[in-house]
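A.B. asks: Below you will find the structure I want to go over with you.
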Amino acid sequence: MDFRQLEYVITVAREHTLLAASEKLFLSPSALSQHISKLEEELHTPLFKRTKQGWTPTHAGQIYIEMAENILQSQKKAYLQIGDIADNKIGHFTVGITPGRGTQMFSAIFPKFRAKFPDVKVNLFEGSVQENNEKIDLGKVDIGFLTSDSPHPNIITRTQLTEEILLVVPRNHPMSSLADTVPRGEFATVALNEFENDEFLLAGEGTTLRRLENQLFQKTGFSPKISFETPSLSTLNMLSKGGYGISFLPRFYATETKDAVYFKTEPAASWDLIAAYRKDHYITKAEEYMISLANDYYARPYEPTW
């Protein structure tokens, strides 16, 4: 069996055009077309419908693609298992992270990983939780370090940390003085409906944090006045410190400042930081070690910030 043909068909199906697929495969469009045509001659049936809009798999093509994906995944799994048995510590895998928090975690643990597995190449993909889940499902990301989201049928998750979501309130807000009633390093609790008339800075639509924010407002029973939206948690933190509105942030971002205070909310909110991978993915020793490093990183207690 020519494993290249399997990859050719899968790539054409994913990219929908011969030109885009040929660029991914580092082949000329004519050479790729010849490979596909030769395979169709061997199978005595077309695998794609060729139109001006692109190449679309036929029913036979869909069957072939499913078979090809299973074979390539099995091949990859077998090679990983054999590599672990040989314990040669040589190989490569792709890690998916989210911007901000994921970047800081990965930067902190990578030196230790490199010291133990100097000959294992790590590719990094940085994107949203949804983008990472899609890549994991397609087998393009081997392990992802993400925030919890709606469960995916083909993905296994391991919870590494359950983290509180806090309310960020500018120091010039009348309610901010309540933050001074608890010991340093702790957070007072406030009812979210106390801020019904305030302006909110919220996470971007489609993000995990925004879904949690929407759930909080539904439980509280009011629609917030939204003055700003962004997927950047650092930006939300800075704008709230600047007095531009109230926002929600995970505990990680709560640092001592004279410009803002942080509260637990009633109702409360939290999310899980997870390691994620496909159900049929074989976790190598190198990948398991990286997951353990992430566990150790998240297990460190927070330093008191005030």
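A.B. asks: So which strands (runs of 3 or more DSSP E) stay within the range 68-149 end to end and still have 1 or more residues that are of a type outside the set (S, T, N, Q) and at pLDDT below 85?
C.D. replies: Per the criteria, 91-97.
A.B. asks: Right, next: Outside the structural domain of residue 279 (by TED's automatic domain parsing), within 30 Å of residue 148 (Cβ to Cβ) and buried (at least 16 other Cβ atoms within 10 Å of the Cβ): is that true of residue 36 in this structure?
C.D. replies: No; evaluated as a whole, the condition is false for this residue.
A.B. asks: Filter the range 181-197 down to the residues that are in contact (Cβ under 8 Å) with a residue 24 or more places away in the chain and either assigned to a helix (DSSP H, G or I) or closer than 15 Å to residue 216 by Cα (or both) and list them by number.
C.D. replies: If the condition is that a residue be in contact (Cβ under 8 Å) with a residue 24 or more places away in the chain and either assigned to a helix (DSSP H, G or I) or closer than 15 Å to residue 216 by Cα (or both), then 189, 190, 191, 192, 193, 195, 196 are the ones that fit.
A.B. asks: When you scan the range 228-252, how many residues do you find that are touching a residue at least 60 places away in the same chain (Cβ under 8 Å) and either not assigned by TED's automatic domain parsing to the domain that holds residue 202 or not in a strand (DSSP E or B) (or both)? Even if it seems obvious, please write down each step before you answer.
C.D. replies: Going through the range 228-252, the residues touching a residue at least 60 places away in the same chain (Cβ under 8 Å) turn out to be 231-234, 236-237, 240-252.
Pick out the ones that are also either not assigned by TED's automatic domain parsing to the domain that holds residue 202 or not in a strand (DSSP E or B) (or both) and you get 231-234, 236-237, 240-245, 251-252.
Going through the range 228-252 one residue at a time, the tally reaches 14.
A.B. asks: Show the residue pairs meeting these rules: Cβ distance below 8 Å; 6+ apart or different chains; first residue within the range 26-42 and under 15 Å from residue 7 (Cβ atoms); second residue of a type in the set (D, E, K, R).
C.D. replies: Pairs found: 35/4.
A.B. asks: Among the numbered conditions (1) more than 30 Å from residue 138 (Cα to Cα); (2) in contact with a strand residue (DSSP E or B) (Cβ under 6 Å, 6 or more places away or on another chain); (3) at pLDDT 95 or above, tell me where residue 254 comes up short.
C.D. replies: The single condition residue 254 does not satisfy is (3).
The values are calculated or read from the model by the stated rules, or taken from the named source; none is laboratory data. Note that the structure is a prediction, hence the values are computed from the model and not measured. No Cβ is skipped: glycine too gets one built from the backbone with ideal geometry, and neighbour counts run over all protein chains shown.
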